[in-house]
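Have a look at the structure below before the remarks.
What follows is calculated from the coordinates using simple rules that are stated; it is not laboratory data. Treat the numbers as computed from the prediction; the structure is a model and nothing was measured. Backbone-built Cβ (ideal geometry, glycine too); neighbour counts: all protein chains shown.
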Amino acid sequence: MEEDPFAKLDDPSDFHRYPDSSFFDRDRHICFLEMMYQLLPSPYQEQEINRLTLAYFVVSGLHILRAIDRIDKEVVIHWVLSLQAHPKNAANLENAGQFYGFHGSRSSQYQSNDNGPSEQEAILNGSHLASTYCALAILKIVGYDLSLLDSEFLLKSMKNLQQSDGCFMPIHTGAEKDLRFVFCAAAICSMLKNWSGIDREKAKEYILSCQSYDGGFGLIPGSESHGGATYCAVASLQLMGFIKEGLPTANSSCDDVNVPLLLDWSLQRQALDGGFQGRINKPADTCYAFWVGGVLRILGADKFMNEKALREFLLTCQSECGGFSKFPRLLPDLYHSYYGFCAFSLLEESGVNPLCVELGMSGIAAIGL
């Protein structure tokens, strides 16, 4: 079994915060991510099945902060590759009903057998679309050549996850389906430079059906507009080639997107305290500085947001030991820390790599090292 560089778990450190900070403390943020790389606090045990996603936050965060040299790239590559699901018979993958991507963790790859927890056996296939996105992103960030992957069976089997309405399920055994997994599929195809795993026209139709009356997008048709869902919609459209240079192209058949209403909804998500909210009448939250700010960047409208106020809000969520919290005066966590780093990249912070917004990683990593 490959070494897991994210395997250690221990008690959480005594976190502190300083809401009056006036600068982006890059060095402390790097230390925070290094700590998470070496020793995950015990509260993350309940997220063990999402270990690959946690690793993505750490590795991509370090790359955004220009500190990717703090990790052992070869160890990370071997660990990530060890989580890939492989078919026993590569023939007739499209009709097999399986998806062969990446497992989210060792626990979704192996299970204890009747002889007790000390003995394990492989699970037939527990790979997940979101885990596959994270795996490919990590590999790309650490400089692994994705053309070395046998991606044919991954992409062929991914077609099994796309539904008749164009949406995607994350796993082959039946699960929720929404815009998050359309984005994952689009990002996977984009990183592999192969679009055989998705019917783009059907995916576009599903995305358009999710735009709400107020201009934002819900995760599914008819649901409330949400900052994360709106990002997934807009980023997917751009990755699939339906949005270029900030506006839908004339020949893309994407003119059903109500762009003025979308921009109006997005800009109204900046709250009085300077942060962005994910939904109407909700408090501002660190992560939406990326989810909604990223939408504005893709559409070429980020110049209309109040960057000074956004920066001031984000700094109130910055922890003394590094990282960011969801709201001011709370403890930091990996998820909000990562999207806090992404937000400061959007704000063109000194010492931070620029983003490829539609892929959610450093632009340098997205185009290849």
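Key figures for this structure:
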| item | result |
| --- | --- |
| Cβ-based charge dipole, the range 24-367, positive-most Cα from F102, S82, F324 | F324 |
| Packing-based exposure ordering (other Cβ within 10 Å, fewest first) of V352, V357, V259 | V259, V352, V357 |
| Three-way shape call for the range 141-269 based on the alpha-carbon gyration tensor, with the a/c threshold at 1.5 | prolate |
| Relative packing of peptides 183-190, 209-216, 144-151 - highest average C-beta neighbours within 10 Å first | 183-190, 209-216, 144-151 |
| All lysines inside 16 Å of K308 as judged from Cα atoms, apart from same-chain residues fewer than 8 positions distant | none |
| Proxy reagent accessibility, fewest Cβ within 10 Å first, across D264, D285 | D264, D285 |
| Cross-link table K140/K282; K193/K282; K88/K193; K204/K282, entries beyond 27 Å C-alpha to C-alpha | K140/K282; K193/K282; K204/K282 |
| For S127, distant residues with modelled amide H under 5 Å away | G101 |
| Cβ-placed point charges (K, R +1; D, E -1), dipole of the range 24-367 about Cα centre in debye, nearest 20 | 260 debye |
